[in-house]
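Read the figures in this text as sums done on the coordinates, not as results from a lab. In this text, all values refer to a predicted model and were calculated from it rather than measured experimentally. In this analysis, Cβ positions are derived from the backbone assuming ideal geometry, glycine residues included, and neighbour counts consider all displayed protein chains.
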Amino acid sequence: MPVTAMGPDDAPGRYTARNPPTGVLMDISSFAANPGLTFLALLITVFLLILLSKWIRYIPNNRVGVVEKLISGKGSVKSGLIAMNGEAGFQPNLLRGGWHFLTPFQYRIHKLPLVTIPQGKIGYVFARDGKDLPPTQALASNVRGSDFQDLVAFLQNGGEKGPQRQILREGMYAINLVQFVVLTEDQVYYLPLDKSELETFQKMSAIIAERAGWRPVIIRGADDAVGIITVHDGPSLPSGEIIAPTVGEDSKEARSYHNNFQDADKFLIAGGLRGRQYQVLVEGTYYINRLFATVELIPKTTVEVGTVGVVVSYTGAKGADISGLEYRHGELVTNGQRGVWSDPLLPGKYAFNTYAGKVLMVPTTNFILKWTRGEVGSHKFDENLSEVSLITKDAFEPSLPLSVVVHIDYRKAPLVIQRFGDIKKLVEQTLDPMVSAYFKNIGQTRTLIQLIQDRSAIQEQSGVQMKEKFAQYNLELQEVLIGTPTSGAPGGQIEQILVQLRSRQIANEQVETYSRQENAAIKERELREAEAKAKQQTMLTESAISIEVQSNQGKAEYAKAQQQAAQIQTLAGAEAEKVRLMGEGEAKRIKVMAEAQAEQAARVGIAQAMAIEEQVRAYGGPQFQLVQQVMNRFAEAIEKSQVDVVPKIHMGGGAQGGGSLIESLLGLLLSEKAGQLAGVPLSTTVNPEAEAVKATIREGMRKQ
């Protein structure tokens, strides 16, 4: 860091070309003619100039003059550095820009620059003289002498030596750099008195730079942060306290009295304590002395939607337990007191000092706890949970995956935190053993198949029974979800049983599928018929209309036919009567004629019968007549077919062979004829029908 200090060139009595004497004008050319006189005149001029330089001093307007009194009738300074009563030593008042008349050889003027603090920067002040600091005080107080440009007021009003609590803001200051050392980021303004001082000031500058103290504290809205203040000066905290309470906590005016730690003296006067402060800084720009207080930026406490923040305060007054006598799981206090706050933080952003307490986030939406290895919920409360190991009634050892849906009422969230510390401890130390034991008991009462097939019933039953257990811990059980039991190793017995059950179910599903396919085919056929009917709808409509037309025509024709029928019936009645009468007459006529013809036929028949009987007798009986008829038919057939009766080629049958059919018939005929001739009766068989005919003929002839 560059250091601006006055060197020997500015010592009193030193003449330089930068400060030529004025007011003495000599015409040196008038002495040119006399060299001796000229030399004397020059000596007089130089003496006068030296004498005037001791009386008259010039201070530029951008600098100040620190007056060091060399000779004084009051002697030297008895104590301190500054001669407040005109003693020999550094004077409290400065010489500003312009000409100044001083007694020769009595004063030494140290020309020093004005102190300049750039825009947006901070200057720190170190006082060489003043009251000694108390043992418990780290920085010098300057309550009354607030302006370092008035050194007399600073010392008279009890200004203290050492690093000051008050800082310098932007601007230019005419400061006595013998009494005060001003440290800025770019340089150190002071008048060197001892070489060892420079090392002290450099260490002080390094501490300020380490704490980013050359610039004000700027907390931007985009940072979404709060500033935690640690005060390095003032009374210490009482025993057992870790956070300094807010200054003027009961008064809003007192709370802003020290202007957010920017006025260190007022902070301490108001009762501020050394250490980390409960009060925090929010968005804004703060010119804070980093030797007095350091600032640490931490994120704001954000309570997301679907959660509440339960505050566990490490500081505050000891409060009364408001959880009730029956609740024996810790104290619940009102907000602001030490302990678990009864009212949680609702969703939002809070400038909460996390050194004074912690905020535990409790979800108020439903969250899922998974008893499945490798699966973790979004809140990660179940990252150490795994499947529940069961032993079934039939000695299988499956692993049962579970999921439990839990809800926490935001009003009961402080009770949960008060009882368990946080939600993860609740899950691992209470819910995990409770749920595991419950389902182990369920598994021992069922076989593996029952455990698989009765999953829905077990799930419903467990949801009802476990809801009461969860309520004892201020939790609301929403639902229990049970997965498929596994053996933990691929290809185990449980998997084989599941494969068999799946095969059985597949077979059932195939039956159902075929049934549905059959129904689908029927529906498809009906659809096709409907589509066909739709396509023929025009023809159906036309045919329906045609049927209706024909029906109407039929009805007309029917009516007409009924009329015609009535007419015909009437005519038919008359005609029938006519026919009846004519028929009766005709019948009578026919009857008479029939009787006559019958009588005639009877007589003819009788005569024919008698003739036939006689013919039969004449021809030798019925057999001979049959042969005669056969021969007659045979002769007619030969005649019509023109077949030769005598064959052109005769083939004999041998000694024993029979002849032809003709020969047989001729032989038969000849044998019958021969029998008659011999007086042998043709047949002795009596024909009853012939006898009846004969009797009838005889009876008729007798009647005649």
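What to note about this one:
- Spin-label model, TYR257 to ASP186: label points 7 Å out along the Cα-to-beta-carbon direction sit 3.9 nm apart.
- Region 95-229 - percent relative contact order, Cα under 8 Å, separation 6 or more: 28 percent
- Using only Cα coordinates, the Kirkwood hydrodynamic radius of region 307-486 works out to 17.8 Å.
- Region 307-486: antiparallel DSSP beta bridges as a percent of all, rounded to 5: 90 percent
- Per-peptide average of other Cβ atoms within 10 Å, ordering 284-294, 208-218 highest first: 284-294, 208-218
- Working ranking of peptides 495-501, 597-603, 178-184 by packing, defined as the average number of other Cβ atoms within 10 Å per residue, highest first, is 178-184, 495-501, 597-603.
- Near ASP432, once Lys and Arg are set to +1 and Asp and Glu to -1 for all other residues with Cβ below 14 Å from its Cβ, the sum equals +2.
- Taken about its Cα centre, region 186-311 carries a charge dipole of about 40 debye when Lys and Arg each add +1 at the Cβ and Asp and Glu each add -1 at the Cβ.
- Convex hull projection area averaged over all views, region 478-613, Cα basis, nm²: 33.4 nm²
- Net length gained if the chain between GLU548 and TRP99 were fully extended (0.36 nm per residue, minus Cα distance): 147.7 nm
- Hz values of 3J(HN,Hα) by residue in region 477-487 - Karplus curve (6.51, -1.76, 1.60), Gly and Pro given as x: 7, 8, 6, 10, 10, 10, x, 8, x, 10, 8
- Taking label positions 7 Å along the Cα-Cβ direction at both GLU531 and ALA507, the computed distance is 3.8 nm, reported to one decimal.
- Members of LYS195/LYS266; LYS370/LYS467; LYS203/LYS300 lying beyond 27 Å, as alpha-carbon distances in this model show: LYS195/LYS266; LYS203/LYS300
- Neighbour-count ranking [beta-carbon atoms within 10 angstrom, fewest first] of SER386, SER436: SER386, SER436
- Cα gyration tensor shape of region 170-220, rounded if a/c is under 1.5, else prolate or oblate by comparing a/b with b/c: oblate
- Label-to-label distance, PHE47 versus ALA637, with points set 7 angstrom from Cα along the beta-carbon direction: 21.1 nm.
- Highest to lowest packing among 61-69, 331-339, 464-472, scored as the average C-beta count within 10 Å: 61-69, 331-339, 464-472
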